[in-house]
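The values are calculated or read from the model by the stated rules, or taken from the named source; none is laboratory data. Here the structure is a predicted model, which means the values were calculated and not measured. Reconstructed Cβ throughout: ideal geometry from the backbone, glycine too, with neighbour counts over all protein chains shown. The protein model used for the area step is the full one, side chains on, heavy atoms only, and it has no ligands, DNA or RNA in it. Shrake-Rupley method; radii C 1.70, N 1.55, O 1.52, S 1.80 Å.
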Amino acid sequence: MTKNIKERWRQFAAWVNGADSDTPVVTPEEKRAARPHPLRFLHGMLSEKNEMRVYHIFSVVMCLVFTGTLLLTVLYLPTFGGAGNPTENEVMERYVEKGIEEVGATNLISNIILVYRGFDTFGESCVLFLAATCVMILLRKDEKNTTAYDLAERAEDAEIESEENTTVLRSVVRMLMPVILLFGVYVLLNGHLSPGGGFSGGAILGAGLILFENAFGEKVRRFMSEHVYHFIKVAALYFYGFTMIYVFFTGANGLHSIIGTGIPGMIFSAGVIMPINVAVGLEVACTMYAFYAFFSKGEL
Amino acid sequence: MMLARAIVGSVLVCLGLVVFCISLIGVYRFRYVLNRMHASALCDTLGSFLVMLGLAILFWSVWVTLKLACILAFLWITGPVATHRTTKVEVLTDEYVMEECEVE
């Protein structure tokens with residue numbers, strides 16, 4: 001009985017699809033193939049081979065035109081540090097003319113992002129914190145979700161990272177590591193005097209940590225434990241938040257701030273910018289390292 | 001003098017770009033990872049050397065040359081190590097590496 005019903009149903013479906021009629025059956029795939037591709041403007045006008053050739057030439061010409069336009073635009077940019085550079089509007093004018101006097105950093109960009117628009121940058125730091133937290137929630141491995149496959153994978157990783165397999169890397173990292181970390185600290189501490197600042201310095205520090213972890217896995221994991229990671233991250237964010245509250249409170253109410261601007265150009269100047277840069281840098285370095293650690297091992 | 005320097009510098013930079021292009025073609029042309037690594041390592045050393053030399057001649061200043069030398073030293077130290085490490089991991093993890101080429 002069931003077989004009969006199935007058979008009938010199949011017949012019915014075939015009839016609906018046009019079986020036994022004079023017009024040939026066309027499946028959707030065939031229909032799609034018969035229709036010209038929406039991006040093939042020249043369909044049917046040239047032979048297949050010539051058509052492809054036209055498209056190749058067209059794509060190359062388009063790439064060249066775009067590249068040329070971008071390069072031409074670069075030619076028309078104002079020169080770096082030129083005296084007659086356009087000050088876009090009064091906000092920019094204020095930043096450029098009063099920035100050093102009001103905030104005290106010779107790097108105008110850090111004046112803008114850390115004091116005039118400090119709240120915005122605080123949001124960015126919170127985004128980093130949230131991103132690291134989400135990665136931790138999604139990728140963390142502990143005893144409850146570690147499978148035998150994960151353990152085997154980890155053993156293979158340990159084999160790849162073993163001492164005899166990383167001799168070259170270890171000797172080079174031993175040589176380069178101080179330079180990279182010193183450069184990161186330099187960029188962090190000079191954020192208010194020269195190009196750089198919290199985000200770039202933190203990125204350099206984080207990249208250095210990742211490189212170090214690749215060469216001497218155990219040593220880094222020993223001091224960068226989960227405890228230390230949480231402490232640095234939360235402390236940096238709290239410090240940034242409270243400093244920002246203080247700056248806004250005194251700035252908005254015209255109160256006297258005990259953190260002066262100092263002499264522009266000195267390392268201890270520009271008030272809160274340098275400590276904030278250090279906090280942001282630690283935050284960024286921790287986030288980068290945590291991303292790497294969670295994606296590669298699932299734990300710090 | 002100015003003109004000769006500009007010409008020599010530009011020619012060196014262009015030569016460096018040619019080396020980069022050759023290694024790029026190699027990366028796509030070769031079939032197997034180790035061959036590709038070999039092709040890509042070419043631009044790390046010779047290509048960056050030619051470009052840096054051309055830039056040093058174009059700028060013709062002691063401090064710029066020193067900075068470029070530092071960058072080149074960094075690239076020459078790190079590039080081959082990165083290539084070595086990637087290749088090493090490939091050799092260690094690929095079970096069929098012996099079918100493609102002889103590895104110690």
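Please list, in order along region B:63-70, the HN-Hα scalar couplings obtained from phi with the Karplus expression 6.51 cos²θ - 1.76 cosθ + 1.60 (θ = phi - 60°), rounded to whole Hz, x for Gly and Pro.
Those phi angles translate into 5, 4, 4, 5, 4, 4, 4, 4 Hz.
Going by the alpha-carbon gyration tensor, a ≥ b ≥ c the square roots of its eigenvalues, is region A:106-296 rounded (a/c under 1.5) or, if a/c is not under 1.5, prolate (a/b greater than b/c) versus oblate?
It is oblate, given that a/c is not under 1.5 and a/b is not larger than b/c.
What does the buried accessible surface come to for B and A, summed over both chains, with the probe at 1.4 Å? Round to 100 Å².
Numbers: alone 7570 and 20750 Å², together 27400 Å².
Between B and A, the summed buried area is about 900 Å².
If you count only protein heavy atoms with a 1.4 Å probe, what accessible area per residue comes out for region B:2-100, rounded to a whole Å²? Walk me through the intermediate numbers first.
Numbers: 6460 Å² over 99 residues.
Accessible area per residue: 65 Å².
Suppose every Lys and Arg Cβ carries +1 and every Asp and Glu Cβ carries -1, with no other charges. What dipole size does region B:2-100 come out with about its Cα centre, to the nearest 20 debye?
Values: 7 positive and 6 negative charges, 94 e Å.
Charge dipole of region B:2-100: 460 debye, to the nearest 20.
In peptide A:135-145, what is the residue-averaged number of other protein chain Cβ atoms found within 10 Å of each Cβ? Don't jump to the answer; show the numbers that get you there.
On the way: counts 0, 0, 0, 0, 0, 0, 0, 0, 0, 0, 0.
Across A:135-145, the average partner-chain Cβ count within 10 Å equals 0.
Provide a whole-number value for the mean count of partner chain Cβ atoms within 10 Å of the Cβ atoms in peptide A:165-175. Kindly include the intermediate steps, with their values, before the conclusion.
Numbers: counts 5, 2, 1, 5, 5, 0, 1, 7, 2, 0, 1.
Whole-number average of other-chain Cβ neighbours for A:165-175 is 3.
Any chance you could check region B:64-79 for residues losing 20 Å² or more of accessible area when the partner protein chains are in, compared with the chain on its own (1.4 Å probe)?
Residues losing area: B:74, B:77.
Taking each residue of B:83-96 in turn, how many C-beta atoms of other protein chains fall within 10 Å of its C-beta, and what is the average?
Values: counts 0, 3, 8, 0, 0, 6, 4, 0, 1, 5, 3, 0, 0, 0.
Rounded to a whole number, the mean comes out at 2.
Using each residue's phi in region A:272-277, evaluate 6.51 cos²θ - 1.76 cosθ + 1.60 at θ = phi - 60° and report the 3J(HN,Hα) Karplus result to the nearest Hz, with x for Gly and Pro.
Coupling constants for region A:272-277: 8, 5, 5, x, 5, 4 Hz.
Could you sort the peptides A:272-284, A:172-184 by per-residue average Cβ neighbour count (10 Å cutoff), highest mean leading? Working shown, then result.
Numbers: A:272-284: 24.6, A:172-184: 15.5.
Put in order of decreasing packing, that is A:272-284, A:172-184.
Can you tell me how region A:89-216 classifies by the Cα gyration tensor, rounded, prolate or oblate, using a/c under 1.5 as the rounded cut? Numbers along the way, then the final one.
On the way: a/c = 5.68, a/b = 1.86, b/c = 3.06.
Oblate, since a/c reaches 1.5 and b/c is not below a/b.
Sort A:74, B:33, B:19 by accessible area with a 1.4 Å probe, largest first. It would help to have the intermediate numbers written out before the result.
Details: A:74 90, B:33 60, B:19 20 Å².
The residues order as A:74, B:33, B:19, largest area first.
Within a Cβ distance under 15 Å of residue B:73, other residues only, what is the Lys/Arg minus Asp/Glu net charge? Please list the in-between numbers first.
Working: positive: B:67; negative: B:44.
Combined, the nearby Lys, Arg, Asp and Glu give 0.
Provide the per-residue ³J(HN,Hα) series for region B:4-13, in order, calculated from phi with Karplus coefficients 6.51, -1.76, 1.60 and θ = phi - 60°, each as a whole number of Hz, with x at glycine and proline positions.
Each residue of region B:4-13 in turn: 4, 5, 4, 5, 4, x, 5, 4, 5, 4 Hz.
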